[in-house]
Structure formats: C-alpha cells, structure tokens
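The values are calculated or read from the model by the stated rules, or taken from the named source; none is laboratory data. Computed from a predicted structure; not experimentally measured. For neighbour counting, all protein chains shown are included, and Cβ atoms are generated from backbone atoms with ideal geometry for every residue, glycine included.
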Amino acid sequence: MMRNNFPFPVWDANSDSPIEGTLFEIPSICQKAKRKNCRRFYKAVADKKGFHECPEGLSCYSTGDNQEDIVTAIRIEDTYNNSKIKNSGDYLPTLPKKLILSSLVRSKDQVKKRVHEIADTEEAEGFEDKQLVDFSLHEVRKFNRQIKRYSEEILSGLKSLPTQHIESKAQSIFAASSMISTRLNIYDFEVNPQIITSQAARSANIYKKFDKARRILSGYAKDKNVNLLPITGNSFQEIEIYQVFDFLPFVLIENAIKYSPEHQDVNLEFEGGTNELTIILSSIGPKNSKDELSNIIKKGKRGNHAKIIDESGGGYGLYFATLICDLHEINMIIESGETNLTFNGIEYATFTVTLRINK
C-alpha cells in the first residue's frame, strides 16, 4: 500500500481504499462503509474539481486530475451531512476549506523543494528543461483526456442527444485540441527559439487573433460556468507576427477563465486608432500583492492564492506571454485591484492585463 505524506486521509484508486494521513486517521464510519459504493463515488468525482460529500456523509476534495489522490474522510465546512455522522463516535473537527487547499499547496511545494535539492546535488544541468517537459506532457495529457471524454459522450449519445448539445461538445473538443497545439508551439519557442524567429513573420489582424481565441475558448468557459463576453470595440490594425503569437491571446483568455469564480464575467476591450492599439482583458481572479505582480511573469512563479485555486499550474503562462510581447515589441501591463469578494477563504480582485501596441 502506498505511503501518504499528506496530513489528511486520501482515497487511493490503486488499492480502492482510504489511507490515513500523518495527522488524521481513518474514522470508524469509513472502515464500516460498503467499499463498492465508495469505489463508484470516487471514480465519479475523480475528474470533478471541488469539494464533495461522500456516501457516508463525510467530505472530500478532488483536484479534478484523476491521476491524483482524493483528500477524504474528514469534515469540511458546508460539505458534510451531520445527520449521517453525528453518532459515529469519531473525533471529526470541522475544517475550513482554505486549510485543505493551502495544505495541498504546501505539501506539493515541499515535494518540489526536495526535488530541487536532489537536482542541485546530482544533476542540476537540464533540470529546468525537464520541468518544462513534465509540465508540457501534463498539459497535453490533460487536454487529451478532455477530448477523449467529450468524444465518448458524443458517441454514446449520438442518436439521443440534441444537436445543440453535440455542437457544444464538438466545440469543447476543438478548444482542447487547439490548446494542445499552442502548448507544443510554446514548447518549441522555449527549447529552440531560433526556430520561431527564423520563420518569416507575417502580417495579421490582432482583433481577429483574439476573437478566434475567444470563440474557441467559449466552450471551456461554459464548462467552467464563467461568462466570456463578446469583445467590446474593434480594430483593423495589422502587425508583423511570428506563429508563436497565437499563444498570447489563448493563454491570457484561458488564465482569466481558469482563475475566475463561477458566474463572473471575462471582458475583452479594444481601443485605439490606425497607429496604436490598446487591448484590455479584465476578470475576477485571485488577489495579488505588488510583490507578486512583479514575480508572476517569471518562469515557474505564481501568486499564493493562484496556487491554492489551481494546484496543477506550472507558472509558465504569463512568463511566455511576456516573452512573446517582448518579441513583438508589445507593452504588457498587469494590475490587481482591491479585494472584491472572498470565496472558500480566498480573496478575489479585478485582474487586468493591458496590451499596448504601436504600429
């Protein structure tokens, strides 16, 4: 049986059983539970990120990555059934959601720190390249799983599903496929940048690039219950771009969707005339301090709240966005406002990315 170094119990899919944590044991209510019901439940929530109530009335948290274990067998605020567990006799303190999320981040950071220490002493050269390869493979596998799941849904319900539903799933497949392509292009940009710049630059309409990314990512926004609004304004301005530019609108809009709470708006605005263009992307995202704002454009760096919201991120998106802007002489300004709302113990604020382009 695997060893669990996390404070809380986790559900191990390989053994189909819960494993005690370093601080919390498996409660008796879990030991008496019907394992068949548990297996069915954890299989169902493995790819559904968020807090869930298990069949026995306890709480669990899934990262949405079915390759990772699910935190379980504890009582988390707002996600348990007290009538089912009140007579269990187990010590089950009610834990805040933020504690679970921040503990996950700290646990992963400790593992990364240990890996860095090993790399520094054994083979530091090329370690960052390996990190990028691992992250790129993780991203490709993630989107490939989405394509597989959506395809299975379409094929299994081809005769019964309404046309609108099939079109929506097909759009999600196209979005996932497009995101794989942009990931592979950006990997080429990092590993062998001269390949990108050795290709001939071409004239392109910037508005069309952002509108295409917005339309492709609309399916992703629907899946996340985020309102990706139509672009405000227009522009006919064209600039010389390299192929890697396509990643810029994708990563900026995708980040805005990924970190937004449900039912919030993502706004994209175009301003300017023939010789200058300002693009403003605003959304509700995790609050960043001034120090974090200057740090999150560096390779592998992310804000503290962003780490809690999405544990799988690698801290590459804004780093590559900065490189692409520099390559095309675009001025990118990142701002984080005051706290707008607090959700699951995490502070959110208006996050704005402004791009200024002079022809």
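Among residues of the range 21-40 being free of Cβ contacts under 8 Å to residues at least 60 places away in the same chain and in contact with a strand residue (DSSP E or B) (Cβ under 8 Å, 6 or more places away or on another chain), the one that is nearest to D65 (Cα to Cα) is C38. Looking only at residues of the range 303-335 that are of a type in the set (D, E, K, R) and within 30 Å of A201 (Cβ to Cβ), we find that the one that is surrounded by the most Cβ atoms within 10 Å (Cβ to Cβ) is E335. In the set L101, L92, only one residue is in contact (Cβ under 8 Å) with a residue 12 or more places away in the chain, under 18 Å from G21 (Cα atoms) and part of a loop (DSSP other than H, G, I, E, B); that residue is L92. Scanning the range 207-236 for residues that are surrounded by fewer than 17 Cβ atoms within 10 Å (Cβ to Cβ) and among the polar types (S, T, N, Q) yields a total of 4.
If the condition is being within 22 Å of K36 (Cβ to Cβ) and of a type in the set (A, V, I, L, M, F, W, C), then the range 75-106 contributes only I85.
On inspection, E68 fails the criterion of being modelled with pLDDT of 85 or more, within 30 Å of D223 (Cβ to Cβ) and assigned to a loop (DSSP other than H, G, I, E, B). Across the range 240-265, the qualifying residues are those that are farther than 13 Å from G317 by Cα and polar (S, T, N, Q), and the one among them that is surrounded by the most Cβ atoms within 10 Å (Cβ to Cβ) is S260. Residues that are within 28 Å of N225 (Cβ to Cβ) and either surrounded by fewer than 17 Cβ atoms within 10 Å (Cβ to Cβ) or modelled with pLDDT of 90 or more (or both) do occur in the range 293-300. Residues that are in a loop (DSSP other than H, G, I, E, B) and among the charged types (D, E, K, R) were ranked within the range 288-341; the one that is farthest from L137 (Cα to Cα) is E329. Only one entry in I324, I330, I257, I284 is touching a residue at least 12 places away in the same chain (Cβ under 8 Å), more than 30 Å from P96 (Cβ to Cβ) and under 23 Å from the mean Cα position of the chain (by Cα), namely I324.
In the range 225-238, the count of residues that are at pLDDT below 80 and not in a helix (DSSP H, G or I) is zero.
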